[in-house]
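**Student:** Take a look at the following structure, please.
The values are calculated or read from the model by the stated rules, or taken from the named source; none is laboratory data. Bear in mind that the values here come from a model prediction, so they are computed numbers and not experimental data. Positions of Cβ are generated from backbone atoms using ideal geometry, with glycine treated the same way; all protein chains shown enter the neighbour counts. With ligands, DNA and RNA removed, areas are computed over all heavy atoms of the protein, side chains included. Shrake-Rupley method; radii C 1.70, N 1.55, O 1.52, S 1.80 Å.
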Amino acid sequence: MKPIVAIVGRPNVGKSTLFNRIVGKKRAVVESFSGLTRDRLYGEAAWGDKNFLIVDTGGFQPAYDIDEAHPDRFSGTSRIGTPGFQKEIVQNIIKQALIAVKESDVIIMLMDAETGLMPSDVELINTLRKYSKKIFYVVNKIDGPKKEKSLYDFYPLGVTLFPVSALNGYGFDEFMDSIMKVLPESTEEPDEYPKIAILGRPNVGKSTLVNSLLGKERMIVSPVPGTTRDAVNSMCRYQKKKYLIIDTAGIRKKGKMAKTFEKYSFIKTLRNIESCDVALILIDSVDGVVEMDQKIANLVCDAGKGVIILLNKWDITDKSPGFFEKLKGELKHKLWFMHYAPVLTISALSRQRITKLFPLVDEIITERSKKISTHELNIFLRESLLMQPPPLYKNKKVKLYYITQVGVNPPRFVLFTSRREGIKPEYIRFLEKQLRERFSFKGTPVRFHIRQKTKQEQR
């Protein structure tokens, strides 16, 4: 499990700009007016030899009373009017910020040198101190030593201050080095049992599937979407082998999430994806593949996890060949990036074909940990090059020297080339197709890293 760092602060102090700098790419939208980031935004980041999750929250505004111990229990009592914001939006922004604080290992309290210390900064700091977390007090928009005199305004806080410019990077390296000194190491749970995460949008049948797998009413099953608010782990046995089943809360579209509890379980869903060996993505075969199914599949793919796609409610769906062909076409078109995933038609309610899951899970776990010798890989590479060499780049030949496997879970390979920029995604997809035809890697993504040999190495 990766440690979590949360960025909090009032609106427009530069949280999204700092988030983008830490992640190393532009993911948060940055504008010059407040209130743009209303939800939590997550990104994977690394500094030195440490990997962690970074959370960008919406701007904290001391406008309404919140039960900090239970952010979902909002009292709704207005203290300070907030022009330009609907009451419900402000409520959700504060809730999301507090939930990010509760889930995090380290907190970055970001303030603005241009406006100086504000009463809302002090109020938020007093709130943060109740959580007994490691807090870094950062004053943003200090772009050089001369601007550090702005720190005087923040001295009454009596804390260590870090002057930075999220925009141009001033003070950023020293600040990040300080965080790394206290950031916990990533922890991995022992792989005593295969871990299976059951994913899908609300009301697709996740809890029903858990109950069928366990053979008892372990989960609450309701036709009302969102019954499962948090992940619940259960031990399952099949043919004398044990599996850990993780039933996660449903993931909704943002508009609907703003009004429901599922939103507050989203970070737990991400963590469950990260900790599982194989994810089962349930899709309602009656509705077909919808946008949220694609988003969930993307999360699993990005995490590099094994996957099985389950077309649920097969007992009540159209059994005509034309319908099945149409559904296969949808999967191929909308989940094209997950072409390696086996597809199984099931009924969680009637338990149709659910016992076929466990042999598939075992097979995928084996495939994820498979190692191919460098000798075999280079025979594969030579034959692939004979079939289709890389296209010319700037009218020059692109050479591929050799390939080697550098990791498992998921399998990872390094390709050594004369021109890294000449190896396009289309050619990587060709190599992946050839690799799978020879070595399978069923149900797991594979990763290719391109490394350019130096001129000296090419001699």
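**Student:** Taking the conditions exactly as written (crowded, with 18+ Cβ neighbours inside 10 Å, of a type outside the set (A, V, I, L, M), on the phi < 0 side of the Ramachandran plot and assigned to a strand (DSSP E or B)), does Phe162 satisfy them or not?
**Tutor:** So Phe162 passes the test.
**Student:** A follow-up question, please. Could you say whether any residue in the stretch 31-50 is modelled with pLDDT of 55 or more, open to solvent by less than 50 Å² (accessible area, probe 1.4 Å) and more than 19 Å from Ile179 (Cβ to Cβ)?
**Tutor:** Looking through the stretch 31-50, none of the residues is modelled with pLDDT of 55 or more, open to solvent by less than 50 Å² (accessible area, probe 1.4 Å) and more than 19 Å from Ile179 (Cβ to Cβ).
**Student:** Residues to consider are Phe441, Phe448; find the one that is closer than 29 Å to Ala197 by Cβ, without any contact (Cβ under 8 Å) to a residue 40 or more places away in the chain and not small (Gly, Ala, Ser).
**Tutor:** The match here is Phe448.
**Student:** So, in the stretch 107-134, of the ones that are more than 23 Å from Arg21 (Cβ to Cβ), assigned to a helix (DSSP H, G or I) and of a type outside the set (A, V, I, L, M), which residue ends up most open to solvent (accessible area, probe 1.4 Å)?
**Tutor:** Lys130
**Student:** Would you say Tyr193 is closer than 30 Å to Cys301 by Cβ and either among the aliphatic types (A, V, I, L, M) or not in a helix (DSSP H, G or I) (or both)?
**Tutor:** Yes; evaluated as a whole, the condition is true for this residue.
**Student:** Further, regarding this structure: Within the stretch 331-354, track down each residue that is closer than 19 Å to Val204 by Cα, open to solvent by 40 Å² or more (accessible area, probe 1.4 Å) and either in contact with a Cys (Cβ under 9 Å, 6 or more places away or on another chain) or not in a loop (DSSP other than H, G, I, E, B) (or both).
**Tutor:** Answer for the stretch 331-354, where residues must be closer than 19 Å to Val204 by Cα, open to solvent by 40 Å² or more (accessible area, probe 1.4 Å) and either in contact with a Cys (Cβ under 9 Å, 6 or more places away or on another chain) or not in a loop (DSSP other than H, G, I, E, B) (or both): Lys334, Val343, Gln352.
**Student:** Something else now. Are any residues in the stretch 135-156 part of a helix (DSSP H, G or I) and open to solvent by 30 Å² or more (accessible area, probe 1.4 Å), and if so, which ones?
**Tutor:** Pro145, Lys146, Lys147, Glu148, Lys149, Ser150, Tyr152, Asp153, Tyr155, Pro156
**Student:** Restricted to the stretch 395-410, and to residues that are outside any strand (DSSP E or B) and open to solvent by 70 Å² or more (accessible area, probe 1.4 Å), which residue is modelled with the lowest pLDDT?
**Tutor:** Asn395
**Student:** Report yes if Glu432 is more than 19 Å from Asn378 (Cβ to Cβ), part of a helix (DSSP H, G or I) and either open to solvent by 10 Å² or more (accessible area, probe 1.4 Å) or not β-branched (Val, Ile, Thr) (or both), otherwise no.
**Tutor:** no
**Student:** Another question, if that's okay. Filter the stretch 13-30 down to residues that are modelled with pLDDT of 85 or more and in a loop (DSSP other than H, G, I, E, B) and give me whichever is nearest to Asp121 (Cα to Cα).
**Tutor:** It comes out as Val13.
**Student:** Could you please give the count of residues in the stretch 308-323 that are assigned to a helix (DSSP H, G or I) and either open to solvent by less than 70 Å² (accessible area, probe 1.4 Å) or free of Cβ contacts under 8 Å to residues at least 12 places away in the same chain (or both)?
**Tutor:** 5
**Student:** Can I ask one more? Looking at this structure, is Val290 at pLDDT 90 or above, of a type outside the set (Phe, Trp, Tyr) and open to solvent by 30 Å² or more (accessible area, probe 1.4 Å)?
**Tutor:** yes
**Student:** What residue, among those in the stretch 268-290 that are of a type in the set (A, V, I, L, M, F, W, C) and part of a strand (DSSP E or B), is farthest from Leu357 (Cα to Cα)?
**Tutor:** Ile283
**Student:** Hey, another quick one. Among (1) out of contact with any Pro (no Cβ under 9 Å at 6 or more places or on another chain); (2) more than 24 Å from Ile54 (Cβ to Cβ); (3) open to solvent by less than 60 Å² (accessible area, probe 1.4 Å); (4) modelled with pLDDT of 90 or more, where does Phe85 come up short?
**Tutor:** (4)
**Student:** Looking at the stretch 366-387, which of the residues that are open to solvent by less than 50 Å² (accessible area, probe 1.4 Å) and in contact with a strand residue (DSSP E or B) (Cβ under 7 Å, 6 or more places away or on another chain) is nearest to Pro342 (Cα to Cα)?
**Tutor:** Arg368
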